[in-house]
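Notes follow once the structure below has been shown.
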Amino acid sequence: MEVIVHRGTRQIGGCVTEVRTAATRIILDFGSDLPPEPGALGPEPLRVEGVNCGQPRCDAVLFSHYHGDHVGRIHEVLPEIPLFMGPLAQRILLALKKRLGSEGVSALERACTFQPLKPLPIGEITITPIPTDHSAFDAYMFLLEAGGKRILHTGDFRFHGFRGRGAERLIQRYVGRVDLLITEGTLLKGSGEAPITEYHVQAEIAELIRRFKYVFVLCSSTNIDRLALLHNNTPRGRYFVCDSYQREIFDLVKDVSRSGYYQFSRAWVYGQNLDLEKQGFVMPVRKHPFFKGIMDQYAANPQSWLVYSMWKGYLDGRDPELEDLIRPFAERGKVAYVHSSGHAVLEDIRKLVEWTSPALVLPIHTEFPQGLAGIGAELVSLRDGEVLDLRS
Ligand SMILES: [Zn+2]
Ligand SMILES: [Zn+2]
């Protein structure tokens, strides 16, 4: 097998990785670049011959999860090329794109779905999707096997979330030893401080809900684990209230998940004749005039509080509309920043290396690949577009 990282050896997001044999060509993820920092120029659009330009020459594009930096350019993939993703990921992303009216609806509608842990043969390569914990629901690692070689592509993952506990058993049973580990390294440039975990987020949010009657939480509508945490920590007698789009996402999750943790049975839709003033509420909110209208009414209320539960980088001048939304709370010193990353800390990657004993490790989705030096396997230093030949 050969591997080419078209984008991602020196940047976070915009991931596109190719794995091929003489007869089969697979692309893993086809994502958008993250928004550039203020004042910075965006990168050149990525052209991959046979995938999004020229004559189609690719057997399949597989998507690890529904975040835009992995799936955002799906609409560019030539229509003759089969697309694959997780079943719930497809439904959630379709609901999101329809709401936003964004590109990619028809591509998503034609996408096929794979089943967790069920090997999917495509030409000479067999791909097994391994479910993983991440801030996107229905996220996968991919095990790729061909010609006696085995590769594990992690996508984005973490082991420090609620669903990280079963990872060791799953990896040992369904993956085992690999020749090459292609791992995300988003947090490698971190401060070295211990990461904030979902358990910490839960404790802080539960405390804020106890102290304040009207709690708004700014978080992604598709960060299902965070939303389940909010819902399940809302005390009886207090409303957990959202908009109809968010309720639709909950219904999709509920239909598929057998876990009681993801049932969202007490999620009310705003406007259902609820006495919010009297009972109090926990309300997940997003950047939208609808929510701004409600939040502005409560900003001055001494019993209200805003929890900002997303990546703090969005507040670095990239998104004036978002800053407008939180300003009435920020000016009054009523914002708590409570978030944990969906990404792997160094310790998570170390565990994965231990469980899979790779001969080679290739970091992607990172600005600091050398952060994996000394990880216990040979580190591959690759540039975007360079070929790594696993036979040599
Ligand atoms: Zn990502
Ligand atoms: Zn992601």
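The values are calculated or read from the model by the stated rules, or taken from the named source; none is laboratory data. No experiment lies behind these values; they were computed from the predicted model shown. Cβ: placed from backbone, ideal geometry, glycine included. Neighbour counts: every protein chain shown. The area values use the complete protein model at the heavy-atom level, side chains included, leaving out ligands, DNA and RNA. Shrake-Rupley method; radii C 1.70, N 1.55, O 1.52, S 1.80 Å.
Total lysine pairs in the chain at Cα distances under 22 Å, for residues eight or more apart or on different chains: 21. Build a GNM of the chain with springs between Cα atoms under 10 Å apart, and of 200, 67, 288 the one that fluctuates most is 288.
Surface exposure of the range 114-161, expressed per residue as accessible area with a 1.4 Å probe, stands at 28 Å². When only alpha carbons of the range 76-229 are considered, Rg and Dmax amount to 18.4, 60 Å. The local environment of residue 260, defined by Cβ-Cβ distances under 13 Å, has a net charge of +3 under the rule Lys, Arg +1 and Asp, Glu -1. Ratio of Rg to Rh for the range 198-337: 0.94 [Cα atoms; Kirkwood radius as inverse mean 1/r over pairs]. Nonpolar atom fraction for the range 65-195, defined as the carbon and sulfur part of the 1.4 Å probe accessible area, stands at 51 percent.
Its Cα centre serving as origin, the range 258-340 has a Cβ charge dipole (Lys and Arg +1, Asp and Glu -1) of approximately 320 debye. Solvent-accessible surface of the range 198-337, averaged per residue with a 1.4 angstrom probe and all protein chains in place: 46 square angstrom.
The Cα-based radius of gyration of the range 59-145, divided by its Kirkwood radius, gives an Rg/Rh of 0.95.
With the convex hull drawn around the C-alpha atoms of the chain, the volume per residue stands at 139 Å³.
Looking at the range 20-110, the accessible area is 46 square angstrom per residue; that uses a 1.4 Å probe and ignores ligands, DNA and RNA. About its Cα centre, the dipole of the chain is roughly 1220 debye, where the only charges are +1 on Lys and Arg Cβ and -1 on Asp and Glu Cβ.
Could you tell me what percent of the accessible area of the range 198-337 is made up of carbon and sulfur, with a 1.4 Å probe and every protein chain present? Carbon and sulfur together cover 49 percent of it. Using the Cβ of residue 5 as centre and a radius below 13 Å, the other residues enclosed give a net charge of -2, where K and R count +1 and D and E count -1. Taking the Cα centre of the range 198-337 as the origin and placing charges on Cβ (Lys, Arg +1; Asp, Glu -1), which of 224, 304, 288 is farthest toward the positive end of the dipole? Toward the positive end, the furthest listed residue is 304.
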